[in-house]
Number of protein chains: 2
Amino acid sequence: MISTPVITSDRLKRLRELMSNPKYNVSAYVVPSEDAHQSEYVASCDERRAFISGFDGSAGCAVITMDKAAMFTDGRYFLQARKQMDENWTLMKRGMPGVPSWQEYLVDHLPEGTRVGVDPTVIAAPEGEHIKKALQAKGSGGDLVSIEENLVDKVWGSERPAQPKNEVFVQEMKYAGELHTDKIARVREEIKKEGVDGLVISALDEIAWLLNLRGSDIDYNPVFIAYVLVTKSDVTLYIDEAKLTKAVREHLGAITVKPYHEIFSSLAEHSTGLLQSKRKFFVGTTASWALVRALGADNVKIGLPPVTPLKAQKNAAEIEGMRQCHIRDGAAMANYFGWLENELLRGNGNLRLTEVDVADKLEGFRRAEEHCVGLSFSTISAVGSNGAIIHYSPQRGSDAKMDTSQMYLCDSGGQYLDGTTDVTRTYHFGEPTTWQRECFTRVLKGHIALDSAIFPSGTSGYALDPLARFPLWELGLDYRHSTGHGVGSFLNVHEGPQRIGMSKSTMDFGLRPNMTITNEPGYYEDGNFGIRIENTCVVIKVDTPYDYTGGSGFLKLDPVTMVPIQKKLVLPELFTDKERKWLNSYHQLVWEKVSPLLEKDGLGYEWLKRETAPM
Amino acid sequence: MISTPVITSDRLKRLRELMSNPKYNVSAYVVPSEDAHQSEYVASCDERRAFISGFDGSAGCAVITMDKAAMFTDGRYFLQARKQMDENWTLMKRGMPGVPSWQEYLVDHLPEGTRVGVDPTVIAAPEGEHIKKALQAKGSGGDLVSIEENLVDKVWGSERPAQPKNEVFVQEMKYAGELHTDKIARVREEIKKEGVDGLVISALDEIAWLLNLRGSDIDYNPVFIAYVLVTKSDVTLYIDEAKLTKAVREHLGAITVKPYHEIFSSLAEHSTGLLQSKRKFFVGTTASWALVRALGADNVKIGLPPVTPLKAQKNAAEIEGMRQCHIRDGAAMANYFGWLENELLRGNGNLRLTEVDVADKLEGFRRAEEHCVGLSFSTISAVGSNGAIIHYSPQRGSDAKMDTSQMYLCDSGGQYLDGTTDVTRTYHFGEPTTWQRECFTRVLKGHIALDSAIFPSGTSGYALDPLARFPLWELGLDYRHSTGHGVGSFLNVHEGPQRIGMSKSTMDFGLRPNMTITNEPGYYEDGNFGIRIENTCVVIKVDTPYDYTGGSGFLKLDPVTMVPIQKKLVLPELFTDKERKWLNSYHQLVWEKVSPLLEKDGLGYEWLKRETAPM
């Protein structure tokens, strides 16, 4: 975390000069967080909002007018944003009474007739269209103006990091499990069902999945920056061709390759034909306004991209890869915790090693595992009260010291050639309080209840979510995040559409066999401690004695994460016999799967042996 | 159940003559089940679909063309409809492959250009508008024609039962708990929030609730046929004035009374003013097409009527009434089961008494209780395989004999001046099989899980529903109905918007304090037996040690039904200690509340004593 504000006076002055340039002629300019693919993580060249404001949290939107610069962000980032931004910036605290969203600000708080500029590639199409209409409806010349040259990039100039040009590589068939040509054929079936003539794919993980290719353009996500257009007759990959090796070109076969930015002229060409035939192309809800404008709004059907559910239901090779990489990941975690416990209790690590020190050590253990290519997200390594900050990311310099008198929450994951991992464990290396044990036990009871549930195929994660909360609700406690998210197969650690959570959008997609989903209830006590117990799971079919569903059958979660859950934190009087059996049988499985990968009698081995012994 | 078909040739001939009369000039005519208030139960004068077809099940829609008569109904009624209808009628089995709904039939299966007639009072406005538009869009003169004279009534002629003219009576303040003038003031607040000038109330239970009046126009529902119009300045009750006693007129005070049918001319008068001022009136989603046509579709805002949620959250007097009447209802049930067991085991009732005989006896016990005015629905008294027919209603002549070798399912309820009851119990008076006990125990486990859950205020019944199903899902079993419905306060036994179920509409309304809701999981084995365990509950606030919600707090269900659950049907090895404690503590409460109302050492008393003894 940067602790001194970035001085932005000069940057803002130059941006405002551009805004008032007759070529652009806008008196407000919007700088969202997103890249052209609405990615959760972006490449450094796309961190425009951080550049213009200094604030580099994961969520925020800047609106710059001729006399004001406003940063809209949410409660997770109030402190960080205020620290990182200089006095040019007004912090707009989302969710606080009377504070508008940035969209409301544009429409209702700027002087009437304001022309607002935005780069149409970094705003989702429905949002761009909506704001444009709302401003126009206000009259007096108000408008949302699409400016194709990004004005922040022009200010950034030669200082702006280069577009990543990392080589793309082929995902081996033994991991992908299905030829990309077969995937394309399945996608074409979906296109037919949708009654459209083509599909524009802009989400980077969907492109990587479809083509069985991977890259490294964005930290933690093995994706590459590109677009794909699938029509009835052709598949075209729009990408910086320098990224393509000979092997990749051979792999691509009949797929046409065109320069990245040509997607827009290609779509513009198609628009004429679509208009005449009254046919449409399908684009996802996260497609940029620029893509939809290139096609013409009337030629577009917007919705959940048909690739999303296909990608979500993994094939046998992907499932096997997930299981295998999680066993190796479990070995890395055992080595880490064995080392850490030894450092804290028998070495001189206590009150000396910091959160980042130990996270780096964990990264080392992970990278030592076969097929590991890196982390799947920035490790959350949080001591004591830092554990209560749900999106905490320790920064060297401001990170806390490891402390055996405090709880320790560690949420981490790796990218492996055969899969992606995501695991959270909460440990106490000293003497936990009864209250900490009670909270931990209730979180674990929720985790076990969700893990044990058998439910009809297609059940929404909305209906399953409360299972993980009931033991906390009994005391009036809860946690302010959803209970589970999808996990990619050597892809993004967060993927949809499957989800276990209490937001209404969760309703739209039920759980299906071979989806991946995390099970991660938690409890967070501000200023004190945080608890989360997270396993990544595969949704498996269960052979029930009867089948009321008439064929679609019943499902349950099957955890693939192989890391012990600390028994010392369990209050036995709150634990049922069934729950004790669940924990013992899970631990036995962890021991059987992971111990063969550990150095006999090493720290990790001894730690795993003790931690997985029956309770 | 009528077992010989009604001969409809003459009725249909006369209806077709009317249809071809130039005054009406339609070649198809729709006869839905509903009355002008979209009531679940209707008065006999409104049973038009039963009159024209012979089929008197609760759900079905008839479409008569010049050469065909089609009855659309669902799987519950295939057998009954076929038995009750003569050869003039084609049965259209809803949900079977290739069978259209009646709406699809009108739009897609009739010859192009067909003019379809309907009485606009018996079809909901959104449905009427939708079908009209769809037929018109087909071109060739196709249309849905609103015919204000009901053509079936013209055929029915003097044989048609008279409109009910039963006296309306005042609900005493000690039961209503809130002056109707105060209720009207609260409704006006809601009207203001909706930004409309008035509210048309057509649902009969909402009218009864609002005015603190009750009636007896419809079996089982203490309502009276009327409309209410609330504007900013006036409240008008449209009703057959003969129903109003002097006491009711005094109670109504400043409320204007007009003849029932004048609602249409009143609305037509208002429509001019609304059109000029561009203001609207609010009507509920169940309002008839006739009401909306009278107002003009542009002058109408359709949605969940603001009265519905106000009625759903009961006041202290209503809650107390619900508790008290359920205690008396429990005494009636104890007397009934005490008598029934004695007849079957020690008398000569076994294989002699029928389902209807014993249901009549139960009605007698209920009517003997203080404040009882009748039943809240037709008693489901079902032996053996009849219990597996979810909407079974025994009919004298075709009803089964009581049989101690079979399960017995009894779903019944009463209307009391202080509340409405609804309870289902499943008993076996002989030796249940282990499988029956296992199924019963799993249903009971689900019931207890839902009863025990503590959840944040506003939690949707969608998220709670699976709790009641998990024990069945474990084996691949389930039940095909929702888990809970609202219950009126001396009103309809089914009321919304609260609900516990897996349909998406359940999402729209969360549970709030002082709502009533049933908890009624079941299990049904075709041709064999049915199990259902139903308690009516009040949603109560729970004082949790903490309150994560920041004020809205936590809730749970509190059962007000006071009837033992048969211990003999519980398999102890499937029951946890917590569940055993739940059952014992529930039974202790039942004993404490109900035993003082029973004749000491009588059959009911002895039965209750044994059935509520700890397990």
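The values are calculated or read from the model by the stated rules, or taken from the named source; none is laboratory data. From a predicted model like this one, the values you see are computed outputs, not experimental measurements. Ideal geometry is used to build each Cβ from the backbone, glycine not excepted, and the neighbour counts take in all protein chains shown. All accessible areas refer to the heavy atoms of the entire protein, side chains included, with ligands and DNA or RNA removed. Shrake-Rupley method; radii C 1.70, N 1.55, O 1.52, S 1.80 Å.
Residue pairs, Cβ under 7 Å, 6 or more apart or interchain, first in the range B:564-585 and under 17 Å from B:D451 (Cα atoms), second open to solvent by 10 Å² or more (accessible area, probe 1.4 Å) and of a type in the set (G, A, S). List them.
B:W582/B:S452
If I ask for residues that are under 14 Å from B:E525 (Cα atoms) and not in a strand (DSSP E or B), which ones from the range B:393-414 would you list? Spell out how you get there, then give the answer.
To start, the set of residues in the range B:393-414 that are under 14 Å from B:E525 (Cα atoms) comprises B:406-409.
Listed by number, the list holds a single entry, B:Q406.
Check A:F455, A:F490, A:F440 and return the single one that is within 11 Å of chain B (Cβ to nearest Cβ) and in contact (Cβ under 8 Å) with a residue 60 or more places away in the chain. Steps first, please.
Working: A:F490 fails: within 11 Å of chain B (Cβ to nearest Cβ); A:F440 fails: within 11 Å of chain B (Cβ to nearest Cβ).
After applying the criteria, what remains is A:F455.
If we keep just the residues of the range A:285-325 that are of a type in the set (S, T, N, Q) and in contact (Cβ under 8 Å) with a residue 60 or more places away in the chain, which is farthest from A:V590 (Cα to Cα)? Give the steps one after another, and end with the answer.
Here is the first cut: in the range A:285-325, the residues of a type in the set (S, T, N, Q) are A:285-286, A:288, A:299, A:308, A:313, A:315, A:324.
The next check asks that each one be in contact (Cβ under 8 Å) with a residue 60 or more places away in the chain; those that pass are A:285-286, A:288, A:308, A:313, A:315, A:324.
Numbers: A:T285: 40, A:T286: 39, A:S288: 44, A:T308: 32, A:Q313: 25, A:N315: 24, A:Q324: 12 Å.
Across the range A:285-325, the extreme among qualifying residues is A:S288.
Report every pair of residues separated by at least 6 positions or lying on different chains whose Cβ atoms are under 7 Å apart, first residue within the range A:459-477 and more than 7 Å from chain B (Cβ to nearest Cβ) and within 15 Å of A:L555 (Cβ to Cβ), second polar (S, T, N, Q) and not in a helix (DSSP H, G or I).
Cβ pairs passing all conditions: A:G461/A:Q498.
For B:V373, which of the numbered conditions (1) over 30 Å from B:E172 (Cβ atoms); (2) open to solvent by 20 Å² or more (accessible area, probe 1.4 Å) fails to hold?
Checking B:V373 against (1) over 30 Å from B:E172 (Cβ atoms); (2) open to solvent by 20 Å² or more (accessible area, probe 1.4 Å), the one that fails is (1).
Pairs under 7 Å by beta carbon, first residue closer than 13 Å to B:D403 by Cα in the range B:346-375, partner in a strand (DSSP E or B) and of a type in the set (A, V, I, L, M), six or more apart or different chains?
Filtered contacts from the range B:346-375: B:E355/B:A382; B:E355/B:V383.
Let me confirm something: among B:Y24, B:Y41, which residue is open to solvent by 10 Å² or more (accessible area, probe 1.4 Å) and touching a Leu at 6+ places or on another chain (Cβ under 7 Å)? Steps first, answer last, please.
Values: B:Y41 fails: touching a Leu at 6+ places or on another chain (Cβ under 7 Å).
Every option except B:Y24 fails the conditions.
Quick check, is B:S482 at pLDDT below 95, within 14 Å of another protein chain (Cβ to nearest Cβ) and not in a helix (DSSP H, G or I)? Steps first, answer last, please.
Values: at pLDDT below 95: yes; within 14 Å of another protein chain (Cβ to nearest Cβ): yes; not in a helix (DSSP H, G or I): yes.
Criteria met by B:S482.
Please indicate, with yes or no, whether at least one residue in the range A:526-545 is open to solvent by 10 Å² or more (accessible area, probe 1.4 Å), modelled with pLDDT under 95 and within 14 Å of chain B (Cβ to nearest Cβ).
Yes: the range A:526-545 contains one or more residues that are open to solvent by 10 Å² or more (accessible area, probe 1.4 Å), modelled with pLDDT under 95 and within 14 Å of chain B (Cβ to nearest Cβ).
Restricting attention to the range A:456-470, report how many residues are in contact with a Pro (Cβ under 9 Å, 6 or more places away or on another chain) and not polar (S, T, N, Q).
So the answer is 6.
Only one of A:L598, A:L557, A:L583 is crowded, with 18+ Cβ neighbours inside 10 Å and touching a Cys at 6+ places or on another chain (Cβ under 6 Å); which?
On the way: A:L598 fails: touching a Cys at 6+ places or on another chain (Cβ under 6 Å); A:L583 fails: touching a Cys at 6+ places or on another chain (Cβ under 6 Å).
Selected residue: A:L557, the only one of A:L598, A:L557, A:L583 that is crowded, with 18+ Cβ neighbours inside 10 Å and touching a Cys at 6+ places or on another chain (Cβ under 6 Å).
Given (1) closer than 24 Å to B:T420 by Cα; (2) more than 11 Å from chain A (Cβ to nearest Cβ); (3) more than 21 Å from the chain's Cα centre (by Cα); (4) open to solvent by 10 Å² or more (accessible area, probe 1.4 Å), where does B:I565 come up short, assuming only one miss?
Here B:I565 meets the rest and fails (4).
Determine whether B:G488 is part of a loop (DSSP other than H, G, I, E, B), of a type in the set (G, A, S) and surrounded by 24 or more Cβ atoms within 10 Å (Cβ to Cβ).
Details: part of a loop (DSSP other than H, G, I, E, B): yes; of a type in the set (G, A, S): yes; surrounded by 24 or more Cβ atoms within 10 Å (Cβ to Cβ): yes.
Judged against the criteria, B:G488 is a match.
Please state which one of B:P521, B:P513 is touching a helix residue (DSSP H, G or I) at 6+ places or on another chain (Cβ under 8 Å) and either closer than 25 Å to B:I319 by Cα or at pLDDT 95 or above (or both). Let's see the steps before the verdict.
Values: B:P513 fails: touching a helix residue (DSSP H, G or I) at 6+ places or on another chain (Cβ under 8 Å).
Going through B:P521, B:P513 in turn, the sole match is B:P521.
I'd like to check something: does the range A:417-429 contain any residue that is open to solvent by 10 Å² or more (accessible area, probe 1.4 Å), among the hydrophobic types (A, V, I, L, M, F, W, C), farther than 26 Å from A:L345 by Cβ and modelled with pLDDT of 95 or more?
Scanning the range A:417-429 turns up at least one residue that is open to solvent by 10 Å² or more (accessible area, probe 1.4 Å), among the hydrophobic types (A, V, I, L, M, F, W, C), farther than 26 Å from A:L345 by Cβ and modelled with pLDDT of 95 or more.
Mind checking which residues of the range B:426-441 are under 12 Å from B:I531 (Cβ atoms) and of a type in the set (D, E)?
Going through the range B:426-441, the residues under 12 Å from B:I531 (Cβ atoms) turn out to be B:426-428, B:432, B:435-441.
The answer is B:E438, and nothing else.
Might you let me know whether the range B:298-316 holds any residue that is more than 30 Å from B:M515 (Cα to Cα) and either in a helix (DSSP H, G or I) or among the aliphatic types (A, V, I, L, M) (or both)? It would help to see each step written out before you state the result.
Looking only at the range B:298-316, we keep the residues that are more than 30 Å from B:M515 (Cα to Cα), and these are B:298-299.
The next check asks that each one be either in a helix (DSSP H, G or I) or among the aliphatic types (A, V, I, L, M) (or both); those that pass are B:298-299.
Yes, because at least one residue in the range B:298-316 is more than 30 Å from B:M515 (Cα to Cα) and either in a helix (DSSP H, G or I) or among the aliphatic types (A, V, I, L, M) (or both).
Do any residues in the range B:46-69 that are free of Cβ contacts under 8 Å to residues at least 12 places away in the same chain have Cβ atoms under 6 Å from those of residues that are open to solvent by 10 Å² or more (accessible area, probe 1.4 Å), where the two are at least six apart or on different chains, and which pairs are they?
B:A50/B:D56
Scan the range A:389-397 and give yes if some residue there is open to solvent by 10 Å² or more (accessible area, probe 1.4 Å), polar (S, T, N, Q) and more than 14 Å from every other protein chain (Cβ to nearest Cβ), otherwise no. Steps first, answer last, please.
Looking only at the range A:389-397, we keep the residues that are open to solvent by 10 Å² or more (accessible area, probe 1.4 Å), and these are A:389-397.
Next, from what is left, pick out any that are polar (S, T, N, Q): A:393, A:395.
Next cut, more than 14 Å from every other protein chain (Cβ to nearest Cβ) only: A:393, A:395.
Among the residues of the range A:389-397, at least one is open to solvent by 10 Å² or more (accessible area, probe 1.4 Å), polar (S, T, N, Q) and more than 14 Å from every other protein chain (Cβ to nearest Cβ), which makes the answer yes.
Being touching a His at 6+ places or on another chain (Cβ under 9 Å), within 14 Å of chain B (Cβ to nearest Cβ) and in contact (Cβ under 8 Å) with a residue 12 or more places away in the chain is true for just one of A:G522, A:G510. Which residue is that? Give the derivation first.
Values: A:G510 fails: touching a His at 6+ places or on another chain (Cβ under 9 Å).
Result of the check over A:G522, A:G510: A:G522.
Six or more apart or on different chains, Cβ atoms under 8 Å: show the pairs whose first residue is in the range B:496-507 and among the β-branched types (V, I, T) and whose second is modelled with pLDDT under 80.
B:I500/B:T506
Quick check: is even one residue across the range B:310-333 among the small types (G, A, S) and surrounded by fewer than 21 Cβ atoms within 10 Å (Cβ to Cβ)?
Taking the range B:310-333 as the starting set, the residues that turn out to be among the small types (G, A, S) are B:312, B:316-317, B:321, B:330-332.
From the residues that got through so far, the ones that are surrounded by fewer than 21 Cβ atoms within 10 Å (Cβ to Cβ) too are B:316-317.
So far as the range B:310-333 goes, yes, one or more of its residues are among the small types (G, A, S) and surrounded by fewer than 21 Cβ atoms within 10 Å (Cβ to Cβ).
For the range B:133-144, state whether one or more residues are under 28 Å from the mean Cα position of the chain (by Cα) and either part of a helix (DSSP H, G or I) or surrounded by fewer than 21 Cβ atoms within 10 Å (Cβ to Cβ) (or both).
So the first thing to find is which residues in the range B:133-144 are under 28 Å from the mean Cα position of the chain (by Cα), and the list is none.
No, because not a single residue in the range B:133-144 is under 28 Å from the mean Cα position of the chain (by Cα) and either part of a helix (DSSP H, G or I) or surrounded by fewer than 21 Cβ atoms within 10 Å (Cβ to Cβ) (or both).
Which one is farthest from B:D526 (Cα to Cα) among residues in the range B:75-111 that are open to solvent by less than 30 Å² (accessible area, probe 1.4 Å), in a helix (DSSP H, G or I) and touching a strand residue (DSSP E or B) at 6+ places or on another chain (Cβ under 7 Å)?
Per the criteria, the residue is B:L106.
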